[in-house]
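The values are calculated or read from the model by the stated rules, or taken from the named source; none is laboratory data. Keep in mind it's a predicted model, so treat the numbers as computed, not measured. Neighbour counts run over all protein chains shown; Cβ positions are idealised from the backbone, glycine included. When the accessible area is computed, the model is the full protein with side chains, heavy atoms only, and any ligands, DNA or RNA have been set aside. Shrake-Rupley method; radii C 1.70, N 1.55, O 1.52, S 1.80 Å.
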Amino acid sequence: MSARPPAVPILMYHAVTAAPTPAVRELSVPPEAFAAQLTVLADGGFTPLTTAALAAAWRGGGPLPARPVLITFDDGYEGVYRHALPALARHGFPATLFVSTGWLRGPDGTGGALDTMLDWDQVRKLAAAGVEIGGHSHSHPHLDGLGDARLRHEVLRCKEIIAEQVGTPPESFAYPYGHSSRRVRRTVRGLGFSQALAVGNALADRRQGPYALARLTVRRRTDPEEFARIIEGRGLLRAFARDRALTKGYAVVRRSRQAVRLCTPGG
């Protein structure tokens, strides 16, 4: 009997910037810290993959490198192009960028972005440099709190815009805020995405299924020692204890809101 594939660290970044807005400060990483983290991965013998490459290997039973890792970015902040891409290029590392299409600068912008965002020319340059472009909804709502029609619109519109602007439809999706439900996952799958990422702050495992893969949050307060621990899967309960408590609280609030919506005529 073949051995079960090992769990994989999937790193979740947001803004890479020295001067974040207050709204994204906690989830931002300074450029020099990001560059140092990539050096840790390189020195540790890790081999970064795109989300699509990992999912395809797990789906088809294909081989993976000895120490796979994923580097992912959410939302579409300009620092991914300005600061992260040069650092990735120095190591020859691929990555995955999940964009909220309505937040990006361009003809389909809806407003609401929390910091300076990428424009589509920058997204295309990222794609040309080997960054996988994935979907992250259109306007970044809590998908599990939407009605069926709005949910479908958020996922499908995002996919359509990426296909139009980049030239190929996205294969991978990341749930805004990490929140999903069986209905959300079914919608994402039904609209043609092959895999999707949550948060969870745990290592990703094939048993999670292709539409609920866990990620590890990297933020401004992630120091070098903690980063070294989490990529090895050590001390995760301690490192993310506060996140887990907040996640449980948010889950209660979301379930209450959904119950109200379902009990309201026309909800």
*Take the residues of the stretch 148-177 that are open to solvent by less than 30 Å² (accessible area, probe 1.4 Å) and assigned to a loop (DSSP other than H, G, I, E, B): which is farthest from Ala55 (Cα to Cα)?*
Tyr175
*When you look at Gly61, is it open to solvent by 30 Å² or more (accessible area, probe 1.4 Å) and not β-branched (Val, Ile, Thr), yes or no?*
yes
_Every residue from the stretch 215-267 that is out of contact with any Gly (no Cβ under 8 Å at 6 or more places or on another chain), open to solvent by less than 70 Å² (accessible area, probe 1.4 Å) and modelled with pLDDT under 50_ = Ala245, Gly249, Ala251, Val253, Ser256, Ala259, Thr264
*Residue count for the stretch 103-134, restricted to those that are open to solvent by 60 Å² or more (accessible area, probe 1.4 Å), within 18 Å of Glu160 (Cβ to Cβ) and part of a helix (DSSP H, G or I)*: 1
*Of Ala36, Ala89, Ala15, which residue is of a type in the set (Gly, Ala, Ser) and either at positive phi or open to solvent by less than 10 Å² (accessible area, probe 1.4 Å) (or both)?*
Ala15
*Residue check for Ala23: without any contact (Cβ under 8 Å) to a residue 24 or more places away in the chain and either more than 21 Å from the chain's Cα centre (by Cα) or open to solvent by 40 Å² or more (accessible area, probe 1.4 Å) (or both)*: no
